[in-house]
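Asks: Below is one structure. I have some questions about it.
The values are calculated or read from the model by the stated rules, or taken from the named source; none is laboratory data. All values derive from a computational prediction rather than experimental measurement. Reconstructed Cβ throughout: ideal geometry from the backbone, glycine too, with neighbour counts over all protein chains shown.
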Amino acid sequence: MKIFSVLEIRDIVISLLVLCIIFSYPDFLTQPSFFLVSLLAVGVAFIGHELSHKFAAIRQGFWSEYRMWPQGLFMALLFAMASGGTFFFAAPGAVYFEGSRFKRPSRKQLAKIGMAGVSFNVALMWLSVAASLTSGIYLFSYMASVNGWLAIFNLIPVAGLDGQKLLKLDRNTWLLLVLLSVSGFILSRFI
């Protein structure tokens, strides 16, 4: 059984490139090398987030695959360009998973799968904060900021985002992740 389909790889690559443009706009227009910084930071954050969902679903016994959302990618580009790069709305796609007719995911399984992506971003954010504080290398503070933003966005408790599933199951874990995400994101903006 193949872990990744050609379609999934295509969707991940397209989503990643659009996200890199969004996160580096308009800076990459005057500093093209900043696109490479964005590619590394956003690439690790986005791909790590989505693969965490994917492998958490697989561990629960479900088929799982990432699919881009073309309208979400277009809206994200539109918001970034219209705001001069100051407003990010990114809903590039999602990891879809399913069992069989006889195996549907429970609320607990949905929350675990949702929490996997956010937990990846929170952990990488705090590792990046520590690396930035000890090394002073800009890439780490940028990586912390990107991961913090992705975690905060995904923790919003609305339909379709990880925050809704997690809040329904475990309010305390959701609140802890929100506090860790917001505090790390704020700190990343000052280092």
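Asks: For region 124-145, what are the residues that are under 14 Å from LEU180 (Cα atoms), of a type outside the set (Gly, Ala, Ser) and within 13 Å of the chain's Cα centre (by Cα)?
Replies: Passing the criteria: LEU124, MET125.
Asks: Same structure again: If you check LYS168 against the conditions, is it among the charged types (D, E, K, R), more than 22 Å from ASP27 (Cβ to Cβ), assigned to a helix (DSSP H, G or I) and under 16 Å from the mean Cα position of the chain (by Cα)?
Replies: Details: among the charged types (D, E, K, R): yes; more than 22 Å from ASP27 (Cβ to Cβ): yes; assigned to a helix (DSSP H, G or I): yes; under 16 Å from the mean Cα position of the chain (by Cα): no.
So LYS168 does not fit the description; no.
Asks: Let me ask you something else. Are there any pairs with C-beta distances below 6 angstrom linking a residue in region 171-183 that is touching a residue at least 40 places away in the same chain (Cβ under 8 Å) and farther than 21 Å from LYS108 by Cβ to a residue that is among the small types (Gly, Ala, Ser) and assigned to a helix (DSSP H, G or I), with the two at least 6 apart or on different chains, and if so which?
Replies: Between residues of region 171-183 that are touching a residue at least 40 places away in the same chain (Cβ under 8 Å) and farther than 21 Å from LYS108 by Cβ and residues that are among the small types (Gly, Ala, Ser) and assigned to a helix (DSSP H, G or I), the close pairs are SER181/GLY148; SER181/ALA151.
Asks: Against the definition (surrounded by fewer than 22 Cβ atoms within 10 Å (Cβ to Cβ), within 22 Å of ALA144 (Cα to Cα) and over 14 Å from the mean Cα position of the chain (by Cα)), how does GLN31 come out, yes or no?
Replies: It is true that GLN31 is surrounded by fewer than 22 Cβ atoms within 10 Å (Cβ to Cβ), within 22 Å of ALA144 (Cα to Cα) and over 14 Å from the mean Cα position of the chain (by Cα).
Per-residue answers, yes or no, for (1) of a type in the set (A, V, I, L, M, F, W, C); (2) out of contact with any Ser or Thr (no Cβ under 7 Å at 6 or more places or on another chain); (3) under 18 Å from MET143 (Cα atoms):
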| position | (1), (2), (3) |
| --- | --- |
| PHE23 | yes, no, yes |
| LEU36 | yes, yes, yes |
| VAL44 | yes, yes, yes |
| LEU51 | yes, yes, yes |
| PHE62 | yes, yes, no |
| GLN71 | no, yes, no |
| LEU78 | yes, yes, no |
| SER83 | no, yes, no |
| GLY93 | no, no, no |
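Asks: Could you go through region 27-36 and let me know if any residue there is in contact with an Asp or Glu (Cβ under 7 Å, 6 or more places away or on another chain) and assigned to a helix (DSSP H, G or I).
Replies: Keep residues of region 27-36 that are in contact with an Asp or Glu (Cβ under 7 Å, 6 or more places away or on another chain), which gives 34.
The next check asks that each one be assigned to a helix (DSSP H, G or I); those that pass are 34.
Yes, the conditions are met somewhere in region 27-36.
Asks: Keeping to region 51-95, report how many residues are modelled with pLDDT under 95 and assigned to a strand (DSSP E or B).
Replies: Total satisfying the criteria: 1.
Asks: Pick from TYR66, TYR25: which is surrounded by 15 or more Cβ atoms within 10 Å (Cβ to Cβ) and over 16 Å from the mean Cα position of the chain (by Cα)? Break it down stepwise before answering.
Replies: On the way: TYR66 fails: over 16 Å from the mean Cα position of the chain (by Cα).
Of the residues listed, the single one that is surrounded by 15 or more Cβ atoms within 10 Å (Cβ to Cβ) and over 16 Å from the mean Cα position of the chain (by Cα) is TYR25.
Asks: Kindly check whether there is at least one residue in region 30-39 that is in contact with a helix residue (DSSP H, G or I) (Cβ under 8 Å, 6 or more places away or on another chain) and closer than 24 Å to ILE113 by Cα. Walk me through it before giving the result.
Replies: Restricting attention to region 30-39, the residues satisfying the condition of being in contact with a helix residue (DSSP H, G or I) (Cβ under 8 Å, 6 or more places away or on another chain) are 34-35, 37-39.
From the residues that got through so far, the ones that are closer than 24 Å to ILE113 by Cα too are none.
The answer is no; no qualifying residue exists.
Asks: When region 98-123 is examined, which residues are found to be under 16 Å from the mean Cα position of the chain (by Cα), surrounded by fewer than 18 Cβ atoms within 10 Å (Cβ to Cβ) and of a type in the set (Phe, Trp, Tyr)?
Replies: Within region 98-123, no residue meets the criteria.
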